[in-house]
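Enquirer: Take this structure first; my questions come after.
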């Protein structure tokens, strides 16, 4: 179980980070380019105020009928973890995009660049550090997510937190030893990602 749980956790967290970054990045662009950020922020922050178990149950209800029946799909857990991680992505990327757009994007537009070209050639490159930070942060959040994952994970594909909970529920010192080993591995993976976040230089844009 241990080796499978490690691989499942890393793979699932990586997929969740990509999904959260893609959706959160689009939302951040909308906020930075002048969308009504107050309402958008309120919607994006909903996963932070709702129990993860509630989110997991909502996924089961939402994806239990064809053509969106994902109850047996390996995509269900990454989608749930991405929903939990997305507010953090927006919180990191949106201020960086707004600052870069105000400084570089508007200057590029004044020089004749179209809005899309100003975004592509000026605003987004200036936010590369913030995007990398958001991706790593989303990975860490997804890696340690338990509430929704425990509700949705298949019995044969547990993540590390789910495997730890299952092992602790079994009698015997061997199960406790395996759970302890998995906990150490989870801490090492999280610490490694946290150190990587600390080494990413955001620069003058995206300081929040």
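Enquirer: Please report 159, 12 as a ranked list, fewest other C-beta atoms within 10 angstrom at the top and most at the bottom.
Expert: Final ranking by Cβ density, sparse to dense: 12, 159.
Enquirer: Normalized C-alpha radius of gyration of the stretch 2-199, against 2.2 N^0.38 Å?
Expert: Its radius of gyration relative to the 2.2 N^0.38 Å reference: 1.18.
Values in this text are rule-based calculations from the coordinates and carry no lab data. No experiment lies behind these values; they were computed from the predicted model shown. All Cβ positions, glycine included, derive from the backbone under ideal geometry; neighbour counts span all protein chains shown.
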